[in-house]
1. For the stretch 20-33, state whether one or more residues are part of a helix (DSSP H, G or I) and over 23 Å from the mean Cα position of the chain (by Cα).
2. In the stretch 33-53, how many are of a type in the set (S, T, Y) and surrounded by 10 or more Cβ atoms within 10 Å (Cβ to Cβ)?
Amino acid sequence: MDKVNKKNDKLLNTIEHWLGGLQELRRYSAYSRLIKQLNRASNDYVETSKKSF
């Protein structure tokens with residue numbers, strides 16, 4: 001029984017690490033999308049400013 005508990009504990013710890021890694025990847029993906037949108041908005045602003053001169 002003790003051996004089963006140790007195996008289950010190891011499995012649950014592994015799952016926890018994987019889920020933490022997935023959360024980190026999701027966070028970086030969201031950051032990347034934010035940067036792309038900010039760059040796009042900045043470029044649009046610059047182009048509009050150039051046209052007004």
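What follows is calculated from the coordinates using simple rules that are stated; it is not laboratory data. The structure presented is a predicted model; accordingly, all values stated were derived computationally and were not measured. Here the Cβ is made from the backbone with ideal geometry for all residues, glycine too, and neighbour counts use every protein chain on show.
1. Taking the stretch 20-33 and keeping what is part of a helix (DSSP H, G or I), we get 20-33.
Subset that is over 23 Å from the mean Cα position of the chain (by Cα): none.
No: the stretch 20-33 contains no residue that is part of a helix (DSSP H, G or I) and over 23 Å from the mean Cα position of the chain (by Cα).
2. The qualifying residues number 2.
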